[in-house]
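What follows is a single structure, written as structure tokens, with notes after it.
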Amino acid sequence: MTVPRPQRAQGGSSRSMARTGWPWTASVPGQRPYRSGFRPILGERGMVSAAHPLAAQAGLDVLRSGGNAVDAAVATSAALMVVVPMQCSPGGDAFWLIAPPDAPPQALNASGVIPESANADELRALGHSTVPTRSAWAVTVPGAVAGWATALERFGTRSLDEVLKPAITIAEQGFIIGRHLRASIVAAEPLLRASQDGVEWFLRSGIPALYDKLVQPLLADTLRQLGRSGGKSMYNGQLAEAIADAVVSRGGWLSESDLARCEPRWDSPLSVQWRGLEIFQPPPNTQGTVLLAALRTVDGRDSGPLKLDASQAHHLLIEALRAARADCESHVMDPAYARLKPDALLDESYLRLRAAMISPTAAQPTWTSAIDESAMPGPVSRERDGDTAHLAVVDCDGMAVSLTQSLFDDFGSGVPVTGHGFFLQNRASSSSLQRGAPNELQGGHRPPHTLVPGLALDGGQVRFVLGAMGGTGQPQTQLQLLVQMVDEGLDPAEAIAAPRWYSDVTTREQSRVYVESRLSRRIVDELKARGHEIVRLGPWEELMGHAQVIEVNSGGVLVGGADPRSDGAVAAW
């Protein structure tokens, strides 16, 4: 095959337009080639980025039919509960950030509380030192469905019944099982086989083959019931009774009265200024302070753009995150019972102190909170990862939604709601049985959460809508994405595809960092020289999270990316 020689553009010198190979755009003035093999999706009138293409398309269909970003977010959220059931379900929680086109962003906390009758002494008497992860004791009130109804009531234009129809159709007609879902079912097989429901729903003929179809008629019926009741049946009536029975019959504490009291909460988001942008995160009971404190701590040490081809930048980001995490674990809890307001963790003078504690040449062996010496140190996180789904939506009027929802662990507690097709979350396992701990298990408290949808505004206009799965890695992923997009100039797809690292939060006596093998060997060696223990993993790692990003550029063009580490997809209009 002969490749025709391209003609030189008119007016350009042969020197400036010299081509040395493919792609020749590398030598076009004012252009640069893509830094990865991944390209962004572009749109003008609406965009959805989600952890599965069917969910993204469900949201886009709502936008194209005249719905707004909140309507589309609920449709996408419900579809995710069908196509990634290991990550989210009606039995889980959610956190929202909503940016209306003509008003400040708002945060919606759709997380439920620990059952009122929860008793830490009972578990301690049974010999437990932690809340058993896969148990009915770990089940808390599921708040995601109440979040749908609450968000639609304030900002939506469609009924819950209408926006749940795409998810109901997918559940009834079935969808093709891809590699990620099949791998998740294989990994969770022992948990699924522990109940007849788990076998019936996912293992009826054994582990499904790749590209088999998964049909979920019980989940479809449940979603239809939720739509017709405006979500109320989740918290009152036959479905609420079935949820409480599922938990109590296995020794747990959740009651119908706990469900009836479920009430999502509207909050003002936390925010900081960074690089001319205002970065938003939800307030406690989730870890929203971590990203914001890390950004300001980095600025306190080096206010210029960071270059991620230098190990110094990675060292600074890792240490800032470790410092922010130590404060979070010592002080972030249900705000109704917290000793400190979250603003204290974002105080500029305090963060300058934290920045001064970062050595440019050596990792701190241990980071502890320095804001309140009398506070009990928080427990070290038990998890390196988490099973979560994030979605981002922008509509034609500029309204944006960033929404993260989860069951905590894959398939949550493993407690099924018989006859209804879904598992309940195990969020209480993030609570502690240590007396006096900031997150001690107590009835009526909202347990600590890792879910942190993100937003960035520029002059009051949405610039980035972003988030990721990954437990305590969520703020770490967002920090790396923001630096890559703002300081390095990468588009969302390039930033998401770039090699990432994860600072291990389960260790406090040293800095252990997991890195994807695509990260430069030189950078890795220099981080080791600074005292970071480096664990080199494969090129594309689940531990690094699954990110979704939509950028709104200065001309209003929507630029979207979804993570190649997952089945993520962007749907654009």
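No lab work stands behind these numbers, since they all come straight from the coordinates. What you see is a predicted model, and the numbers here were worked out from it, not measured in a lab. Cβ sites come from the backbone with ideal geometry, for glycine too, and all protein chains shown count toward neighbours.
Some observations on this one:
- Ratio Rg/Rh, restricted to region 46-106 and using Cα atoms, in which Rh is the Kirkwood radius: 0.99
- Rounded FRET efficiency, nearest 0.05, which uses the C-beta distance separating R179 from I371 and R0 of 30 Å: 0.10
- Rule-of-thumb Rg ratio for the chain [Cα; 2.2 N^0.38 Å; N residues]: 0.96
- Percent of alpha-carbon pairs separated by more than 15 Å within region 158-228: 58
- One decimal place: the segment E153-D309 gains 51.5 nm when fully extended, by the rule 0.36 nm per residue minus the C-alpha distance.
- Relative exposure of R154, R204, R275, R325, judged by other C-beta atoms within 10 Å (fewest first): R204, R154, R275, R325
- Neighbourhood net charge (13 Å Cβ-Cβ; Lys/Arg +1, Asp/Glu -1) for A320: +2
- Charge context of P190, other residues only, Cβ under 14 angstrom, K/R +1, D/E -1: -1
- Approximate spin-label separation E263-D302, in nm, with each point projected 7 Å along Cα-to-Cβ: 4.8
- Shape class of region 476-573 from the alpha-carbon gyration tensor: prolate, with a/c at 1.5 or above and a/b greater than b/c.
- Look at where the Cα atoms of region 230-276 and of region 73-135 average out, and the two centres are 8 Å apart.
- Percent breakdown of C-alpha pair distances by 10 Å bin, ordered from the shortest bin, for region 252-363: 13, 39, 27, 12, 7, 1
- Helix-only [θ]222 nm of the chain, DSSP H runs n ≥ 4, -39500 (n - 2.57) each, per residue, nearest 500: -9000 deg cm²/dmol
- Region 187-288 gives an Rg/Rh value of 1.12, both radii derived from C-alpha positions and Rh following Kirkwood.
- Extension gain from S65 to S517, taking 0.36 nm per residue of separation minus the Cα-Cα distance: 158.3 nm
- Couplings for region 507-523, taken from phi via the Karplus curve 6.51 cos²θ - 1.76 cosθ + 1.60 with θ = phi - 60°, read 10, 10, 8, 7, 9, 10, 10, 8, 10, 6, 5, 6, 5, 3, 4, 4, 5 Hz in order; Gly and Pro are left as x.
- Note that region 300-316 has calculated 3J(HN,Hα) couplings of x, 9, 7, 7, x, x, 8, 10, 7, 8, 10, 5, 4, 5, 5, 4, 4 Hz, one per residue in order, obtained from phi through the Karplus relation 6.51 cos²θ - 1.76 cosθ + 1.60 (θ = phi - 60°); glycine and proline are x.
- Under 5 Å, built H, 5+ apart or other chain: amide partners of V535: V513, Y514, V515
- Contact order, relative form, for region 297-456: 21 percent (alpha carbon pairs under 8 Å, 6 or more residues apart, mean separation divided by residue count).
- Proximal charge balance of T169 [Cβ under 15 Å; K/R count +1, D/E count -1]: -2
- Mean projected area in nm² (Cα convex hull; one quarter of hull surface) for region 34-77: 3.6
- Mean Cβ neighbour count within 10 Å, used as a protection proxy, ranking 72-85, 527-540, 224-237, 283-296 highest first: 72-85, 283-296, 224-237, 527-540
- Per-selection Kirkwood Rh - region 54-213 (Cα, Å, 1 d.p.): 17.9
- Pairwise label distance in nanometres, E509 with R228, each label 7 Å out on the Cα-Cβ vector: 5.9
- Spin-label pair V199-D245: with each label point 7 Å from Cα along the Cα-Cβ axis, the two points sit 2.1 nm from one another.
- Each of M485, M544 was scored by other Cβ atoms within 10 Å of its Cβ. Listed from fewest to most, they are M485, M544.
- Stokes-Einstein D (µm²/s) once Rh is taken as the Kirkwood radius of region 277-328 over alpha-carbon pairs, at 4 °C in 1.567 mPa s: 112
- Summarising the amide proton neighbourhood of W274: residues at separation of 5 or more, or on other chains, whose placed amide H is nearer than 5 Å comprise I279.
- Among L433, L160, L54, L466, the order by Cβ neighbours within 10 angstrom, fewest to most, reads L433, L54, L160, L466.
- In region 128-257, inverting the average of 1/r over every pair of distinct C-alpha atoms gives 16.7 Å as the Kirkwood radius.
- Order by protection proxy (mean Cβ within 10 Å, highest first), peptides 359-372, 253-266: 253-266, 359-372
- Only alpha carbons enter this Debye calculation for region 424-531, each as an equal point scatterer, and the log10 of I(q)/I(0) it gives at q = 0.12, 0.14, 0.23 Å⁻¹ is -0.61, -0.78, -1.27.
- Whole-Hz ³J(HN,Hα) from phi, Karplus 6.51 cos²θ - 1.76 cosθ + 1.60, for region 556-573, glycine and proline x: x, 6, 8, 10, x, x, 9, 6, x, 6, 9, 8, x, 8, 10, 10, 10, 10
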